[in-house]
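Here is the structure we will look at.
Please treat every number below as a calculation from the coordinates, not as lab data. Because the structure is a prediction, the values reported are computed rather than measured. Glycine gets a Cβ as well: all are built from the backbone with ideal geometry, and neighbour counts include every protein chain shown.
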Amino acid sequence: MAAQINTQKKKVGQNIKVVVRVRPFNEKESRGRSRMAVNCISPREIQTKDKKYCFDRVFQPDCNQLDIYSYVVEPMINDVLAGYNCTVFAYGPTGTGKTHTMTGGDPSSLSSLDWRRNEKAGCIPRVAANIFDEIASRKVNDYNVRVSFLELYNEEVRDLLNPDERQPPLNIFNDNKGAVFIQNLNEKNVFNSNDIYELLKQGTLRLDLAGSENIAKSGAKDKRALELANINRSLLILGRVVQSLTEKSNRHVPYRDSKLTRILQDSLGGHTKTCIIATVSPADSSYEVTQCTLEYAMRARDVKNTPMVNEKVTQVQMFKQLTTEIEELKRKLEATRLGEGGGGGFFVAQQHWDEIQNQLHVNSNSLTMKNEIMDGMKKRLADLEVIQKIKTRDYEEAMKNCKNKEKIIHKATALLKEHRENLQQEKYLSKNYFQSVQDENTQAKCLLQATNTLIDSHNMLQFKLETQYFNSLSNNRLIQEKCRSLQETIVSGREQLDKMSLTSQSAVTNQMAVLEESARACHQEMERCAAWKKEIEDVANNKNGVSEVIEERRSCFQKYTTRHAEQLNKVRSRFRDMLYKQIQHKRQQIKLLEQEVEEMVETLETIDRETNNFIIEEEEDKNMLINQKIDTETADLNLNQTHINTMKQMIASTEKSLKMHISEQKSPLETTEKIGKDLLDAWNQAIRADDTPNKISVNYPKQVGDGALPRDVLIKKFKEEFDEDISNESFHFNVSTNTEVS
Ligand SMILES: Nc1ncnc2c1ncn2[C@@H]1O[C@H](COP(=O)(O)OP(=O)(O)OP(=O)(O)O)[C@@H](O)[C@H]1O
């Protein structure tokens, strides 16, 4: 990472940062049952069997790529954007994870995926994305990011961004301010992380091609020897540079002795902020190189840099400055030419002349580069303008949509309000109507009850009246009969009176008075009957009146029922209309929702498709890795098979020699058996003689020798044959070794 340098502003001495990363055991180490040669005892300390080392940070084998990035590189983004130059380099023996840490696998698999989520990515792809994220989040407009990619191989520098396959090695120079630069090295302007990934892929491809060509040109053996010599030389000089930077005496620092230290000049003891990642293997088989790496890293911790902020210059200022420099150089060149023609010129030393030429070249390159940057920026501006136009159009359209939606929402809200009010009204009306229907029902019930009571009382009355009527009718008949009998009595009395007129005038008169009195009573009785009759007639009239009332009530009730039924129908139809409208509205809403759901389903399907593509890509990556693993496993299996075959051969030859050995041993064994038999016989004899077997004489053939038939074997055999408990001391072998075997 390099910010544009021009003027130095402040100087603060600062030790360079050194971290150690211990990689996990690789397959070979695991197979060989390697043991841990290092122990990460704290986040800053690492222990070997000989020594304890302390660094800025120690990363254990199980740490991941993001852990390293977050501690080492991420904080440098701020430094770079503040104007510091920053360097991160990995140092360590072969196969300890330098490439893994810096690049993190196959660069062709890089894409603009979120760098934090990509577990495999190393520091370079992460910083490529992170720096643009940071620029975007700070809303910086005046910036330019450039990338260069070089190979340092066999003390030769090559530009990996230059497509020319036959490019000559590049020279390293110091500019007039002392800064180191590489002549003709491409610096490409980049505007996003994908631009960087693209350049990384191109550069890596060229690096691989150059590697295979180098092997093809020189024999692999010669090439490896030269390469090793150069690597060792570079590392030696690097060690010396670190050594002399950490020594108190102000001695010469041999930067110029190797290209690597020249390129790293500003990073080691210069003005850059530097971090070294020392990578080591955990295995005891690599213990010595691990120890050397840790020693180097410890020394490097003492190197002090003086980081300085570069002054920011605008494009125009830089352009002006470079143009003036070119003009000046041109003037000098012209003056020199005139001098060559015999005029009043001056002599320029070859070295100076080369420097002027280089400076001229550098400045014109720089000018071209700046022009390229300007063109790039103009292009970007145009692109941005187009994007802005599109965005503005999108925004306006979105606003229009929003307004339309707002209107619809307004209308819907008003409609909803209206509906709500209607509903309230309907509710109120229904409630009242229900109440009135209930009241009327109650009234009707009361009326019906009253009518029924009236009808009952009317029936009763009618029954009473009829009874009275019949009673009065029979009374009438009786009275009429009485009257008739009285008339007859009067007539007979008059006749008797006439007869007795002479006898008793006074008695007749009395009799007459009694009769008149009876007639008067009869008359009164008749009047009462007439009154009863009238009363009966009144009651009959009254009965008609009650029937009328009942009839009136009935028709009134009928009317009520009809009116209520009509009202009920009206309300029902209104409700039905309203409900129909509401259902229509809801259906429309459902339709809209269905459309939205369809759109969402489409979006989801697109996302699914993309995710599937991504998964397939990942699967392919995994398959590739698995295939590689299978290849390695197969190679290992083959190796094992070879080992097994060799072992088999060895076993066969051992068996063969064993067989030979056995056949050689056979005859002494037969002899042994004979001796055993002799022993048995001797023992049996001793027992038969009732003698304790404490002394047995055996002829022992001389040529067998002690080695072939040792005493212990004989004792063992003896014990097996006779008695396990018998102790060695209880008998003796009398072994004669001068008997010849017959
Ligand atoms: N921390 C780690 N975790 C998992 N695998 C690792 C780690 N470090 C290294 N490896 C694996 O070890 C192998 C060697 O690593 P790498 O190529 O990065 O080493 P190197 O130091 O760059 O080697 P060389 O100097 O030979 O180029 C690779 O397969 C890499 O994936």
Would you mind working out the magnitude of the charge dipole of the range 574-619 relative to its Cα centre, with +1 at each Lys and Arg C-beta and -1 at each Asp and Glu C-beta, to the nearest 20 Debye? 1080
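Scale the Cα Rg of the range 241-300 by the rule-of-thumb value 2.2 N^0.38 Å and send over the ratio, two decimals.
Here the Cα radius of gyration is 1.30 times the empirical estimate.
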Of the listed peptides 124-137, 392-405, what is their order by residue-averaged count of other C-beta atoms within 10 Å, with the highest listed first? 124-137, 392-405
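Sorted from fewest to most neighbouring beta carbons within 10 Å, what does the list S485, S364, S34 look like?
Going from sparsest to densest Cβ surroundings: S485, S364, S34.
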Could you tell me the largest-minus-smallest coordinate of the C-alpha atoms of the range 14-312 on each of the three principal axes, in descending order and whole angstroms? 53, 48, 47
Taking placed amide H atoms and a strict 5 Å upper bound, the residues 5 or more places from K273 or on another chain that come that close are N85, C86, T87
For a paramagnetic label modelled at 7 Å from the Cα of K411 toward its Cβ, which residues of the range 568-609 fall within the zone defined by backbone nitrogen distances under 19 Å? 581-596
Cβ crowding within 10 Å averaged over residues, with 592-601, 196-205 ranked highest first: 196-205, 592-601
Counting sequence-distant residues (5 or more places) and residues on other chains, those with an amide H built under 5 Å from that of A283 are A37
Under 15 Å from the Cβ of D62, count the other residues' Cβ atoms, weight Lys and Arg +1, Asp and Glu -1, and hand me the total. +1
Could you point to the residue in T368, I390, C402 farthest towards the positive end of the range 363-420's charge dipole, with +1 and -1 charges on the Cβ of Lys/Arg and Asp/Glu respectively? C402
Can you order the peptides 453-464, 59-70 by their average number of other Cβ atoms within 10 Å per residue, highest first? 59-70, 453-464
